[in-house]
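As structure tokens, the structure follows; a few thoughts come after it.
The values are calculated or read from the model by the stated rules, or taken from the named source; none is laboratory data. Please read these numbers as outputs of a predicted model, since none were measured by experiment. Positions of Cβ are backbone-derived with ideal geometry, glycine not excepted, and every protein chain shown enters the neighbour counts. For the accessible areas, the whole protein counts, side chains as well, though only heavy atoms, and no ligand, DNA or RNA atoms are used. Shrake-Rupley method; radii C 1.70, N 1.55, O 1.52, S 1.80 Å.
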Amino acid sequence: MSKRVYIKTVGCQMNVLDSEMVIADLKRHGYTVVDSAKEADTVLYNTCSVREHAEEKVYSALGKLREAKERNPEKTIGVMGCMAQKDQKVIFQRAPYVDLVVGPGQLHTIPELLGKVRAGQGRQMAVSMSRKDGKQSVVARSHETFDPLRDPAMRPTPFQAYLRIQIGCDKFCTYCVVPNTRGPEQGRPPTQILAEARVLADQGCREITLLGQTVNSYRFDEDGRTTDLSSLLMRLHEVDGIDRIKFVTNYPKDMTERLLTTVRDLPKCSPYLHVPAQSGSDDVLRRMKRGYTVADYLDMMERIERILPDAAISSDFIVGFCGETEEDFRKTIRLAERCRFKNSFIFQYSVRGGTKAAERLSDDVPREIKARRNNELLAIQDAIAKEDNQKLIGTEVDVLVEGPSKRALRDLTKPGQPGEPIQVIGVPVGDNGGPRNNVPHEEARVEEARVEEGDDSQLIQMTGRTHCDRIVVFDGNRRQAGQMMSIVVDDASSHTLVGRVKTVEVVTIGV
Ligand code: SAH
Ligand code: SF4
């Protein structure tokens, strides 16, 4: 039987990375990757549980596969990732034609389990232990990931990669399902991380983004010595070939003076910090059990502004959390106005089973009010971002070029356009075609990808990012992908800088 796999990914950067590794593993087991569920004999969904909406989207996509499965019972359908861990057997009940359910800590079992399904051994399930199932160390082991398998072919661009340094989360914010789906917080050993960074550099990767749910809380204890994120950054800075290092997502309380000065002193570290505030009201933060007050957050902002005056800061906000009053929401607006984030991901609160908020608090903000607060905050955030981006007009920014912009890809896919065929291989793309560094959960769209063929020198819109993670588009050509280029900014909107390649002026004297 042929082994053609299609993988659809929703969710955060962790999921994008997990999909990359599963694909690498499956390829080693003789699978080839195809562009659509239709062409595939194995269809895998990598899923997200952070909000209900993300789950509903997967169930509805699975519903569409029911008919295909009835027509072709040989087609294998699998659900992997956070929803698999959270819902487990419920998935088989809601979608009885699913063959495989695999949690994020068990992804290495996929080739074997697929083999069993194909051999007629029936449905297969592999999930990690739940928090209460045993000793912490044993539970933690069951959530370990298999990161060392790297496959540049599955990355949005070969010169950018995610590198997980921390698994799981122990913060237990009352609204959040991640500590259950991803298990206990564990730092990966620095030796493993460094080895992986070297593999990535050898594969031509120039920018790495370190991943962790609270990445700046990273710690690894070994032989009586503790490695924190700062010491890890110092060691990663030595890796030849890597030019840029980013890290997401940060926890406000662990944004220490030491970490900020490390970022300041290491030129490869991006002065870009994603530090979700979630709310600007102390009452709401307390109910969320975030572990800091608005004053603590503002102290952190002042620390950042003092040590890294040019840094770009971004945030996440939840609007309409249990008990959020209009006054609480006004405080969130005030915080956003004070902090002037580069961008913010704004989410409407969604009750998640198994969380403290679901058990103890009432989801009492009506849907329409959540939606209105969402739009209001978004409009304020966009206006701030636009104003700040426009201050960059006329300046020169260093851009790591990623590839054709979304607009260029769209134009190229129009029938009869030069540059066809476009091969779609499944990576997330940002608003302007570039892969997103910071993908809001469930909105991560994994569909478009790399233009495999076409005239390399054709003038098309290219996209890349500045050291501060700002998206830049400019007219260029595909050969520039992977290069660091100086771009002069001519225009700016809330999400994008528009520029042109800086040309060197040639002055001829005495002719
Ligand atoms: N570890 C990261 C983020 C994890 S989830 C952190 O701590 O910041 C990504 C974002 O989804 C969160 O920052 C939060 O804003 C949002 N989120 C998490 N649970 C949610 C829920 N139940 N409803 C709505 N948004 C939620
Ligand atoms: Fe969820 Fe809070 Fe952990 Fe982030 S820090 S993953 S929001 S529990």
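Can you say whether Arg478 is open to solvent by less than 40 Å² (accessible area, probe 1.4 Å), among the charged types (D, E, K, R) and modelled with pLDDT under 95, as far as the supplied structure shows?
On the way: open to solvent by less than 40 Å² (accessible area, probe 1.4 Å): yes; among the charged types (D, E, K, R): yes; modelled with pLDDT under 95: yes.
Considered against the rule, which asks whether it is open to solvent by less than 40 Å² (accessible area, probe 1.4 Å), among the charged types (D, E, K, R) and modelled with pLDDT under 95, Arg478 comes out as yes.
When residues of segment 126-178 are filtered for being away from ligand 2 (no atom under 16 Å from the Cβ), more than 30 Å from Leu200 (Cβ to Cβ) and open to solvent by less than 30 Å² (accessible area, probe 1.4 Å), how many remain?
0
Yes or no: Lys57 in contact with a Gly (Cβ under 9 Å, 6 or more places away or on another chain) and either of a type outside the set (Lys, Arg) or touching a residue at least 40 places away in the same chain (Cβ under 8 Å) (or both)?
Numbers: in contact with a Gly (Cβ under 9 Å, 6 or more places away or on another chain): no; either of a type outside the set (Lys, Arg) or touching a residue at least 40 places away in the same chain (Cβ under 8 Å) (or both): yes.
No, not satisfied.
Filter segment 260-287 for residues that are touching a strand residue (DSSP E or B) at 6+ places or on another chain (Cβ under 6 Å) and more than 16 Å from ligand 2 (Cβ to nearest atom); which is most open to solvent (accessible area, probe 1.4 Å)?
Checked segment 260-287; the qualifying residue most open to solvent (accessible area, probe 1.4 Å) is Lys268.
So which residues in segment 250-266 are within 16 Å of ligand 1 (Cβ to nearest atom) and without any contact (Cβ under 8 Å) to a residue 40 or more places away in the chain, if there are any at all?
Asn250
Output the number of residues of segment 137-152 satisfying the condition of being over 18 Å from Val102 (Cα atoms), in contact (Cβ under 8 Å) with a residue 12 or more places away in the chain and not in a loop (DSSP other than H, G, I, E, B).
1
Starting from segment 349-373, keep only residues that are open to solvent by 50 Å² or more (accessible area, probe 1.4 Å), then list their pairs with residues that are within 14 Å of ligand 2 (Cβ to nearest atom) and not charged (D, E, K, R) whose Cβ atoms are within a distance under 6 Å, requiring at least 6 positions of separation or different chains.
Sorted first by the residue in segment 349-373, then by its partner, the pairs are Val351/Ala358; Gly354/Asn180; Lys356/Thr174.
Give segment 292-344 a look and list any residue that's open to solvent by 30 Å² or more (accessible area, probe 1.4 Å) and of a type in the set (A, V, I, L, M, F, W, C), or say none.
Ala295, Leu298
Could you tell me whether segment 286-299 includes any residue that is within 15 Å of ligand 1 (Cβ to nearest atom), touching a residue at least 40 places away in the same chain (Cβ under 8 Å), within 23 Å of Val351 (Cα to Cα) and part of a helix (DSSP H, G or I)?
yes
Test Thr249 against the criterion of being among the β-branched types (Val, Ile, Thr), within 16 Å of ligand 2 (Cβ to nearest atom), in contact with a His (Cβ under 6 Å, 6 or more places away or on another chain) and over 14 Å from Ala161 (Cα atoms), and give yes or no.
On the way: among the β-branched types (Val, Ile, Thr): yes; within 16 Å of ligand 2 (Cβ to nearest atom): yes; in contact with a His (Cβ under 6 Å, 6 or more places away or on another chain): yes; over 14 Å from Ala161 (Cα atoms): yes.
Criteria met by Thr249.
Can you tell me which residue within segment 81-111, out of those that are in a helix (DSSP H, G or I) and farther than 23 Å from Val351 by Cβ, is farthest from the chain's Cα centre (by Cα)? Walk me through it before giving the result.
First, the residues of segment 81-111 that are in a helix (DSSP H, G or I): 82-87, 89-94, 104-111.
Next cut, farther than 23 Å from Val351 by Cβ only: 92, 105-111.
Numbers: Phe92: 28, Gly105: 18, Gln106: 20, Leu107: 18, His108: 21, Thr109: 23, Ile110: 22, Pro111: 25 Å.
Only one residue fits best here, namely Phe92.
In segment 221-244, what residues are of a type in the set (A, V, I, L, M, F, W, C) and open to solvent by 40 Å² or more (accessible area, probe 1.4 Å)? Let's see the steps before the verdict.
Initial filter on segment 221-244 (of a type in the set (A, V, I, L, M, F, W, C)): 229, 232-234, 236, 239, 242.
Result: Met234, single match.
Would you point out which residue out of Val58, Val98 is closer than 26 Å to Met129 by Cβ and at pLDDT 95 or above? Write out each step before concluding.
Numbers: Val58 fails: at pLDDT 95 or above.
Step by step, each of Val58, Val98 is checked, and only Val98 is closer than 26 Å to Met129 by Cβ and at pLDDT 95 or above.
Within segment 145-171, can you find the residues that are farther than 20 Å from Val239 by Cβ and aromatic (Phe, Trp, Tyr)? Give the steps one after another, and end with the answer.
From segment 145-171, those farther than 20 Å from Val239 by Cβ are 145-146, 153-154, 156, 167-171; that's our starting set.
Result: Phe146, single match.
Within segment 380-396, identify whether any single residue is within 16 Å of ligand 1 (Cβ to nearest atom), within 23 Å of the chain's Cα centre (by Cα) and either free of Cβ contacts under 8 Å to residues at least 12 places away in the same chain or surrounded by 14 or more Cβ atoms within 10 Å (Cβ to Cβ) (or both), and answer yes or no.
Looking for residues that are within 16 Å of ligand 1 (Cβ to nearest atom), within 23 Å of the chain's Cα centre (by Cα) and either free of Cβ contacts under 8 Å to residues at least 12 places away in the same chain or surrounded by 14 or more Cβ atoms within 10 Å (Cβ to Cβ) (or both), one finds at least one in segment 380-396, hence yes.
Somewhere in segment 28-42, is a residue surrounded by 16 or more Cβ atoms within 10 Å (Cβ to Cβ), within 23 Å of the chain's Cα centre (by Cα) and within 16 Å of ligand 1 (Cβ to nearest atom)?
No: zero hits.
If only one of Gly204, Gly224, Gly187 is modelled with pLDDT under 95 and in contact with a Phe, Trp or Tyr (Cβ under 8 Å, 6 or more places away or on another chain), which one is it? Give the steps one after another, and end with the answer.
On the way: Gly224 fails: in contact with a Phe, Trp or Tyr (Cβ under 8 Å, 6 or more places away or on another chain); Gly187 fails: modelled with pLDDT under 95.
Every option except Gly204 fails the conditions.
Does segment 227-240 include one or more residues that are in contact (Cβ under 8 Å) with a residue 40 or more places away in the chain, closer than 18 Å to Asp316 by Cβ and hydroxyl-bearing (Ser, Thr, Tyr)?
no
Does at least one position in segment 39-48 carry a residue that is within 17 Å of Gln85 (Cα to Cα), within 16 Å of ligand 2 (Cβ to nearest atom) and not β-branched (Val, Ile, Thr)?
Among the residues of segment 39-48, at least one is within 17 Å of Gln85 (Cα to Cα), within 16 Å of ligand 2 (Cβ to nearest atom) and not β-branched (Val, Ile, Thr), which makes the answer yes.
Quick check on segment 30-80: of everything there that is touching a helix residue (DSSP H, G or I) at 6+ places or on another chain (Cβ under 6 Å) and in a loop (DSSP other than H, G, I, E, B), which residue is nearest to Ser2 (Cα to Cα)?
Among those residues, the one meeting the criterion is Lys75.
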